[in-house]
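The values are calculated or read from the model by the stated rules, or taken from the named source; none is laboratory data. Since this is a predicted model, take the numbers as computed values, not measurements. In case anyone asks, the SASA skips ligands and DNA or RNA and just uses the protein heavy atoms, side chains included. Shrake-Rupley method; radii C 1.70, N 1.55, O 1.52, S 1.80 Å.
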Amino acid sequence: MDRVVPRKREERINEEIRVPRVRLVDENGGQVGITPTPEALEFAFKRGLDLVEVAANADPPVARVMDYSKYRYEQEQRAKQARKHQLQIQVKEIKLRPKIGVHDYETKKGHVERFLGQRAKVKVTIMFRGRETLHPDRGRDLLMRLAGDVKELGSIEQQPLLDGRNMVMVLAPNKNVGVKADAKDEDVTGSEEALPAERDGEAPAPSRDEEPQPREEVVEA
């Protein structure tokens with residue numbers, strides 16, 4: 001009897017098993033005992049099944065009687081289901097300045113909300129320039145304000161951390177956020193102007209437009 005089974009596999013089956021004897025396990029998991037390989041093959045073939053070497057490093061190797069084609073099919077289906085339910089987490093980056101204008105802040109916040117709604121993590125970076133580095137608390141306050149504004153969609157995964165001239169915070173989507181289409185690349189940097197100061201009721205002059213920064217996207221399975 002010549003049973004044809006696809007070759008894409010690691011286990012040796014049937015006539016591929018070259019050892020003189022095996023520890024035989026029947027189709028129900030019962031121990032048959034140490035058996036010459038030709039007799040083990042005959043034992044399997046009489047049942048219309050395959051002899052599969054499941055523990056090649058044992059002494060003697062362990063071989064089990066089974067329908068190998070059915071076994072492989074079930075394994076592939078389980079692997080397919082696992083891949084189907086595996087989430088691919090994307091990380092999108094938003095860059096802000098400590099002195100960001102009200103309109104630009106709302107625009108950037110909208111990007112963060114959209115990315116979180118699409119179940120992407122968001123890396124929020126505050127970029128300090130010149131003497132702005134002397135007041136990191138302003139960047140931290142801005143990050144915490146943003147986190148509070150989007151708390152319905154995401155929460156802080158990494159607290160604000162100062163890294164050189166930048167301060168970084170990572171937001172992760174909440175579990176109850178619906179799954180939508182994958183977040184698309186988009187230019188989320190643009191001109192920014194100073195937020196109105198709260199002292200004396202006066203607003204400082206807007207700062208220079210922010211230079212375009214490269215977008216960052218990191219994918220994790």
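Could you grab the relative contact order for segment 22-79? Cα pairs under 8 Å, six or more apart, rounded to a whole percent.
Working: 80 pairs, mean separation 19.6, N = 58.
Here the relative contact order equals 34 percent.
Can you count the Lys pairs in segment 48-144 with C-alpha separation below 22 Å, eight or more apart or on different chains?
Lysine pair count for segment 48-144: 18.
Using only protein heavy atoms and a 1.4 Å probe, report how much of ARG23 is accessible, in Å² to the nearest 10.
The accessible area comes out at roughly 90 Å².
So who's got an amide H within less than 5 Å of the one on GLY154, skipping anything under 5 residues away but keeping other chains? H placed 1.01 Å off N, in plane.
ASN174
With a 1.4 Å probe and all protein chains kept in place, how do MET127, MET169, MET144 rank by accessible area, largest first? Before the final figure, lay out the partial values.
Values: MET127 20, MET169 0, MET144 85 Å².
Result of the area sort, largest leading: MET144, MET127, MET169.
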